Structure formats: C-alpha cells, structure tokens
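Written out below as structure tokens is the structure these notes cover.
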Amino acid sequence: MKLAPWIVAACFFLPGAAPADEQSARSSVDSDRSRPPNIVFFFADDQTTSTLGCYGNEVIQTPNIDSLAADGVRFRNAFVSQSICWVSRTTILSGLTGRSYGTSANPELTRPDAVAELYSDILRDHGYRTGYFGKWHAKMPKGFQREEHFDEFEAIGRNPYYKKQPDGSLRHETDLIVDRGIEFLSEQPKDKPFALNLWFNACHAEDGDRRPGIGHYPWPESSNGMYEDVTIAPPPLNATEVFEALPDFLKTTINRERFFWRWNTDEKYQTNMRAYYRMVSGIDHAIGRFQEALREQGLADNTIIVYSADNGYYMANRGLAGKWSHYEEALRVPLIVMDPRAAESQRGTTTDAIGLNLDLPATFLDWAGAEIPERYQGHSLAPVVAGNPPQDWRTESFHEHFAVRNRIPAFEGLRNERFKYVVYFDDDNYEFLHDLKNDPDELVNLAGDPDHASILNDMRQRLAERVKELGGPLDKLKAPFSQSTVPHPEIAANVGARVDADGVVAVFDGKTLRRWSGDSKYWSVQNGALTGVTDGSLKRNHFITWKDSTVRNFDLRVKVKVSQGGNSGIQYRGISRPDIGLDVVTGYQCDVVANTPQYNGMLYEERGRRILSHTGEKVVVDPEGRSWVVGTTLGSDSEIAPAIAPDSIDFDTEKWHDYRVLVQGNHHQHWIDGKLTTDLIDFDESGRSLEGVLAVQVHVGPEMKIQYKDFQLKNLPDDLPLLQADDHPIPDDAYLVRPQGKLPADWSAPTYGDH
C-alpha cells in the first residue's frame, strides 16, 4: 500500500461537536454535520508570527494565508511545547510532549508504544483517506515504518531545495509538496473524507550552504524578484545591551554560532531576510494553487484548512539565530484555522486562548468524530475555534527543550498570561522569571527580585508538579556540554569552520564537491583537483561556489592549471545572482587567463565595474568608482623587487601555477608564482563590497579545462582598518585604467589632473 502525509487539521480554531442537549462549539456551524469534513494541514518550518501579513507585517506579501485568517480564526497565543523541528513534529504525530514520548535517559528517541498508533491511523479507522507529503524529520524507534500509517506518503526533504526532475528541470520542494497534494485531490473518491498533511521544509535555512540569499534561504521561482528594492527593518531587539544581558551559557550556544552564519552584518541581514520573505511568499503562492484545485474539485466547501509552523525563529533578535530557547520569538507560532462551514460570526475573528501544537491531533480527531485517546496530553481546539472555549480551558502552558542537549542549553518552564518561569537545569538551575504584561520583550529577569519571590516559588512548585505528570525529570547530562562559539569572535567566517593550528580553513578535500555548489555538468573532481570543463558551446559563464561561509578579509593560496586558450577566475566577496542563473556569482575576480598576459592575475569585477586594474598596474579607485593607475606592481613579495611587465610572467599551460589573493579591508593584492600582478585600493563606498562568497568559474570561449587544488584559505580579523583616501592621494599624472570593450582609435587615457 502506498502511504501518505497525515491529516492536515486546523490547529486551533474550528468548531467542535456539541452535546445533544446544549448549543456547543459544533452547533455554531451553518452546514450539515452529517458529512465529515476534509482536513488539510499546512505546516511551515521555522516561522514565528512576525512574518505574515495577517499578524501585522506590512511588508511581506501573503495574500492567500491572510485570506485564510480573514475567513477563519487566528490564534494570538499559539505556541509549541518544544522549539525544535523533530520534537515539535513528533509531538503532533504522537499527541505527547517530548518528555512523555521518549525516556528520561533518551528523550529524543520515541518509544515504540508511543507511536504504535498515530492520529492518522485513527482517522483511517473512521473512514478517512490520509496523505502525507513533505518534511518528516521525526526520530522514530527502530523498525518504525512511516509509510504504513498513511494511505499516500512521500517524504520530500531539502538539501537541496531544488530537485532535478525527469525532464532535467529543477522544482522547489515547496511546489513539489503542493503538486503532490493536488494530485492527491485529483484521485480523491467522492464519497470519502480525506485528511492531508502538507509539511514544508521552508522556511528552514540550508545550514550546510551559507551563501547569503539563494544559498541559505532558497526560495521558489514564484517569488523571484520580490522585495528586491525593499529595505527590511532591523530586528526590534537589536540593541547590543540585549545580547550582553544574556547569561554566558546562552551567549555561546548554536543560537549565537548561526547568528554569524546569517545576520551579523547589515548586508547579510538584508540579503537573507529578503530571501526568507521570498520563501514565505513561495509557500503562500503554493497554498493559493492548492486552494484553486480544491475549488475545481468541488471540495472547498467542506474542507477545513489549518496553517501553522513547527517552531518560532529569532531572525537576529537578541543577537541570536535559530530557535531552541525560552523566549517568545522561539516558542510563538502562527496558527490559523479556516472552516468554510463555520458561522459567519466566527469568520475573521481572533482568539487569545492558548493553543499548542500538542492540541492538534486531538483537534483533528474531534472534527472527524473520533474518540480522542486518553493518552493524548493536548485538548481539542474545536470549541475554541467555534467561539465557545470551555470555562476550564488552560491558562498556563508547559514548555521545555532537551534536544541536542550537549550543545543547546536544556530548560523547562511554564508560561501564563502574566508570567513566564523557566529553569535551565543543566546550568546550575539558572532561573528566569519574566513579567509578560509589563515587560513583553522579556528584557528583565525577576528571578532574583524579592518582591516576586512568592510568584517564583509558586511557579517553581507548579512546574515540578507538571514535570512529574509528564514523566518526571530527565537523567543527568552525561557528555560534557560543548560551546559553539565565543560571543564576539575576531573572525566571523571561522565560526563553525574547521580551522587548523595555522589558522587555515578546510575548503576542498580533493575528493568530493560536498563543500561546493555548482552544476555537475561542468564541474567535477579529477586527480584531486576541482575541475571545470566546457566543449566551447557555453552561452554564459558557469560558477562553482564554496558553501561553508562568506569571506571578508583573507589570504588565499591555490594551485591553478588552465588549458591553452582557457579563461577562468577566482571570485571573492561576491554575491549570488539567481536572476541570471542559480550558479552565477558577481563580484571581485582574480582573472586566470592563459593567452592574454595583461589579463592574467588582474582585478576584474564580474557584471559590475568591469576592469578595475590590468596586470602590472597599481591602482586607486576613487570615491566615484573611477580606476586610476598610480604606478606599477612589484615582481615579488619583496618591496625592493623591480616592476614587471605582464608578459614577463612565464605561464606554461601544462604546469601548475601558484595564485595568491590577499584582501585586507579595501586593499586588494594578487600574485602569480610569487609575482605581484594587482595592487589596488578601493575607495568607492557604493560600488565596493567588503564581504561575500568565494567561487571559481569556467568561462565562455573555446573548449577548455580549468583545475584548482591545494586551497589554503586563512581568514583574517574582521575589523582590519580601511585605508583612507587622505592617506593615499591620487597624483595628477595618474591615468585612467583602459576600459573594457572597443574604443576609438584615437582614444588616450585621461589623467587625474586633467579630469
């Protein structure tokens, strides 16, 4: 049997069923309840409420999700019990908190009895056809067969987000997941209800690809060009003192490590936020396609749609990335339920009732008229969605984190309308107490305040009781805790990198392309070298980009061999340009040109200012972006070496040559076999780049082969000073670098003095 996602039910807001003797949640619906509703559950990854229009974001474009809120119920207080992908997802599948589905010794691994029967199995027993398409990522026991729990099932992951299709084209996982959902609808029997789970990988970062933009947050094609001219507001909790107020153990975890992968510079923040917004808009576009298919199949009037996410997301707030800790940004998620059968009075409403991911399986079963298992720890949201929450509805919620416990500080705590109390039990029972009414940003810790001692003690006691109810304390941490970074690294590019004793970063292993992103049609590993080939038919240049980090200030040495007539380049501080091609990079380039000495080793800017200096020229770029030749380069590292002519470089295409690129602030130098070919200072603040990706390319032109090996990359401190124009005046006899392209026969370079 081919199995499928799981029921897609609305999280917290749809009507429930009513007792015969009183008007209840389900009686607030205007349609015939004898026909069980279909349930569709859209589940995003790594999304807090601040990235949807219906939750107040005035920049992001999410018209289809917003329309669900306009026609349904939006939860203002929806949270996850544990803010990490697999625990949140397993909680929904099992109906249990992480502490309850695992063991005290290994809480991350689900016990067999906890997932012997998923809510999807119960739905099937009640006549539902179930489907599951998308991200799985649940740590199930040995022998667990996920396909057996759904009628239709296909796990669709990321890494990469773009999947190659049989016809050779690429399709983003968001669109693939919805494609499968639409196919599921097309095969749906008319007399049978369905429950469909469409669980996206978006908006999860591609952690192994730290190229800002399309590398780290690959968006679907439907979002191309969106937000390009928009400046995203900085994170609200961006002040340095917010981060500095954190205890030391929260300053060195992977929340801080990944901050340096994504958010630590304004340029990186803007590039990645635009890309993240495009991922959200891509989900929204796909949901719109699915809704249209629902209408075409005549299923829309009886299909409940739920939209939520597996956890929140910091997005640079508090100087952090990711999720994982106790603050609101990590725990809070969107939750929207649209029930087309609901009474008009319930459409476009909001609720302050606390809704949890833990409640979803019970809600799904309630809508289907199935009995909710006693083991479930959540409650049906149906009455809340119907506008009739039970009088005893929860006013306090339990939250915890224990996953990756040797790298992420573990905590447990309670949250209610007024206060949040948590204790980090592996860190000497460090306590937080936040007053959410007077301090909604959780900037003040009242745990040591005598005026709040009774509140602290009461919540401490209630937490101990709740922990006991859910399975008791976890075993002591056995392995030592491992810090992921220092709070303020000298070199951000080295955070999370493999750096040897000499400060050299691993770039290429000589065996695989696993740290690189490029088209395998043109790039491979041959004889231990990164190798690009073309048969002479290229219509554009093709790049392969290092994925492990961006580069800022660095010293790169690499051996290069290029065939006769070959043309390549070492791109650095570049940016990805998916508007041209998924592999395209623009930025500074140390040219590798076999047959043109004045170009070999020069400084070029791909799709930018073009030729900044020819080989052998010492250049200053003025603040307006004009390149002036102020002298010649030296023949070696020695300051007393004679000046060189470009054709003095012996460049045998059958041999390996030593290239070196040294970039310090706005000072760029290139060498070939020990001879300085470029020495340039860039004072053009609007045109230059101070950080970007590292790449190499195979160029349009004749048939060629280009090879790189023995990469030695040493990152230098981020805060190297920029050279100042006042200290490097351009002499009047300096002349303009010859521009690229055909010039008039009588063209002569203007001098700086004449200009």
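The values are calculated or read from the model by the stated rules, or taken from the named source; none is laboratory data. Keep in mind the model is a prediction, meaning the values are calculated, not measured. Neighbour counts run over all protein chains shown; Cβ positions are idealised from the backbone, glycine included.
Numbers for the structure displayed
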| read-out | value |
| --- | --- |
| Elements of type helices (runs of 4 or more DSSP H) in the stretch 243-302, at least 3 residues being more than 24 Å from the chain's Cα centre (by Cα) and free of Cβ contacts under 8 Å to residues at least 12 places away in the same chain | 266-296 |
| Residue within the stretch 461-480 that is among the hydrophobic types (A, V, I, L, M, F, W, C), at pLDDT below 95 and part of a loop (DSSP other than H, G, I, E, B) present | yes |
| Selected residue (criterion: surrounded by the fewest Cβ atoms within 10 Å (Cβ to Cβ)) from residues of the stretch 154-213 that are among the hydroxyl-bearing types (Ser, Thr, Tyr) and either within 17 Å of the chain's Cα centre (by Cα) or in a loop (DSSP other than H, G, I, E, B) (or both) | SER169 |
| Filtered residues of the stretch 91-138 (kept if among the hydroxyl-bearing types (Ser, Thr, Tyr) and under 15 Å from PHE150 (Cα atoms)) | SER94, TYR119, SER120, TYR128, THR130, TYR132 |
| ASP591 being in contact (Cβ under 8 Å) with a residue 60 or more places away in the chain and acidic (Asp, Glu) | no |
| Residue among GLU148, GLU228 that is out of contact with any Ser or Thr (no Cβ under 8 Å at 6 or more places or on another chain), surrounded by fewer than 24 Cβ atoms within 10 Å (Cβ to Cβ), at negative phi and not in a helix (DSSP H, G or I) | GLU228 |
| Failed criterion for LEU676 (all others in (1) within 41 Å of the chain's Cα centre (by Cα); (2) farther than 28 Å from PRO578 by Cβ; (3) surrounded by fewer than 18 Cβ atoms within 10 Å (Cβ to Cβ) hold) | (3) |
| Verdict on ARG415 being surrounded by 17 or more Cβ atoms within 10 Å (Cβ to Cβ), under 25 Å from ARG258 (Cβ atoms), out of contact with any strand residue (DSSP E or B) (no Cβ under 9 Å at 6 or more places or on another chain) and not β-branched (Val, Ile, Thr) | no |
| Residue check, SER50 closer than 20 Å to GLN291 by Cα and not in a loop (DSSP other than H, G, I, E, B) | no |
| Any hit, the stretch 493-510, residues being closer than 24 Å to LEU694 by Cβ, of a type in the set (Phe, Trp, Tyr), buried (at least 16 other Cβ atoms within 10 Å of the Cβ) and outside the structural domain of GLU206 (by TED's automatic domain parsing) | yes |
| Selection from the stretch 372-392 of residues that are more than 23 Å from TRP324 (Cα to Cα), assigned to a loop (DSSP other than H, G, I, E, B) and either touching a helix residue (DSSP H, G or I) at 6+ places or on another chain (Cβ under 7 Å) or aliphatic (A, V, I, L, M) (or both) | ILE372, TYR376, HIS379, SER380, LEU381, ALA386, GLY387, ASN388, PRO389, PRO390 |
| Count of the stretch 360-371 residues which are assigned to a loop (DSSP other than H, G, I, E, B) and closer than 20 Å to VAL337 by Cα | 2 |
| Considering residues of the stretch 380-407 that are closer than 24 Å to ASP475 by Cβ and of a type outside the set (A, V, I, L, M, F, W, C) only, the residue surrounded by the fewest Cβ atoms within 10 Å (Cβ to Cβ) | ASN406 |
| Residue satisfying condition, being touching a residue at least 60 places away in the same chain (Cβ under 8 Å) and more than 21 Å from ILE575 (Cα to Cα), within set LEU690, LEU694, LEU736, LEU743 | LEU736 |
| Which listed residue is among the aliphatic types (A, V, I, L, M), in contact with a strand residue (DSSP E or B) (Cβ under 6 Å, 6 or more places away or on another chain) and on the phi < 0 side of the Ramachandran plot, from LEU456, LEU470, LEU474, LEU513 | LEU456 |
